[in-house]
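The values are calculated or read from the model by the stated rules, or taken from the named source; none is laboratory data. None of these values were measured; they are calculated from a predicted model. In this analysis, Cβ positions are derived from the backbone assuming ideal geometry, glycine residues included, and neighbour counts consider all displayed protein chains. Protein only, heavy atoms only, side chains kept; ligands, DNA and RNA dropped before computing areas. Shrake-Rupley method; radii C 1.70, N 1.55, O 1.52, S 1.80 Å.
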Amino acid sequence: MAPNTPIDNDDASSSSSEPDIDDGLLQDELSGDTLAALMQFMNTGSCFDESDVDDKQQIIAEEKKFTKDTICVAYTENDNRVIAETLQRLRGEAEKSAVAHKEVMANRELLVLESTARKDALTLLVKDGIVKLDGVLEHELCDICLNQINQSLLDSDFQTANEKGGEVSSFVGFGNVLSRDKRYDMYLPNEGPFKQALASMVGKGSAMGDLFISMFEGKSAFFHELSALISDSGSASQPIHPDTEYTDEAPLYTCFVALQDIDDSMGPTVFLPRTHNRDVHERHKATKTKDALLAESEYRLGLLKKGDVAIMDSRTLHSGGANLSLNPERRRVLLYFTLRNPLYSGEYPPCGSLIPGLSISTAEF
């Protein structure tokens, strides 16, 4: 597909038709004390006076095991009316916000993430927070890694448990992932074909290896994650999000490597260039400015070919797309790893999708 070609998108169709009240909207509109009162009002069936509590609500109150030290507050009929009206207004605003958000997502123009010349990669990564390099991993290694990942997923019982919403212990080798139905985050070992792949991609003289040397001023970087992102047919799109909150320096950089060609039906990752700054993060977190931000943002689809990589600043907004392929074999698999920026002076986020106890550094390669 030619660069800058708009692509039809219907990810917005997966949004719920019944919007919930946005916690951010509540916090924007109400003081802390008022918000606490409203939550109490909602949790006790919209009444505070004991005479208004029916048998069912009385049971709920008893289950809360109030003691003699519990402080009870009496609300007048006017208080109840004001709170009910406020709740109704917030629900109305939440519905309008959901409709506006759906329209923004439906009307956005999706462009293709373009490839970057090796010499320009660092400049563009600093500027846009995302860069694409072609052919960083040999096709043969892509095929070997892909087959092993698919076999490991087949051999595990996680796939069934995941689709049923069951809890799975971290030692099994799977991490948390947004919109997890038919979507998996499987830890990878630093051995066999995966170690070969890393050596090929980040070793001395490689495009990525040279990029990291420039980025990190010659310092080695420790791995924060080494895993596979798997998206099966029918998986929903993720909400737009950054991997880390805004900081003056990027704490992490994530590299998404395609193990097969990814087309627009397979749920490619959507990146929003130039969203790794303070202003964007503040607007994205605020309910009143979020949709305006998303409406004016640029969207780039990671339509990677086998062996290509997208390298992302962890502060950059992005989302995994919906896998809309009707062919159940059209599984999207990304080998990905995240590096800790050795120039970052703050505290790193808790360790991500990495086998517990595994320690890897770019110095090894």
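Quick notes
- Here the peptides 335-345, 118-128 are ranked by packing, the mean other Cβ count within 10 Å, and the order with the highest first is 335-345, 118-128.
- Pairs of Cα atoms farther than 18 Å apart, the stretch 248-316, %: 47
- Rounded to the nearest 0.05, the FRET efficiency derived from the C-beta distance between residue 305 and residue 95 at R0 = 35 Å is 0.25.
- Computed extension length for residue 358-residue 103: 87.4 nm, one decimal, from 0.36 nm per residue of separation with the Cα-Cα distance subtracted.
- Shape call, the stretch 209-285: gyration tensor on alpha carbons, a/c limit 1.5: oblate
- Ratio Rg/Rh, restricted to the stretch 268-363 and using Cα atoms, in which Rh is the Kirkwood radius: 1.01
- Largest-first principal axis extents of the Cα set of the stretch 70-130 (Å): 70, 33, 15
- Residue 364 accessible area, 1.4 Å probe, all protein chains in place, Å² to nearest 10: 100
- Stokes-Einstein D (µm²/s) once Rh is taken as the Kirkwood radius of the stretch 188-333 over alpha-carbon pairs, at 20 °C in 1.002 mPa s: 128
- Packing order of peptides 293-302, 226-235, 280-289, highest average first: 226-235, 293-302, 280-289 (average count of other Cβ atoms within 10 Å over each peptide's residues).
- Largest accessible area first, the listed residues 134, 79 line up as 134, 79 when surface is computed with a 1.4 Å probe on the assembled protein chains.
- Inter-label distance for residue 134 and residue 155, nm, one decimal - labels placed 7 Å from Cα along Cα-to-Cβ: 3.6
- The distance between label points at residue 351 and residue 123 comes to 3.9 nm (points 7 Å beyond Cα on the Cα→Cβ vector).
- Spin-label proximity, residue 298 to the stretch 99-113 - amide N less than 14 Å from point 7 Å beyond Cα toward beta carbon: 109-113
- Cβ charges +1 (Lys, Arg) and -1 (Asp, Glu), total dipole of the stretch 232-365, debye: 160
- Estimated distance in nm for a label pair at residue 217 and residue 190, the labels positioned 7 Å out from Cα along Cα-to-Cβ: 2.4
- Of 132/290; 132/285; 102/305; 132/305; 119/219; 102/288, those spanning more than 18 Å from alpha-carbon to alpha-carbon: 132/290; 132/285; 102/305; 119/219
- Segment residue 265..residue 245, full-extension length gain: 4.2 nm, with 0.36 nm per residue of separation and the alpha-carbon distance subtracted.
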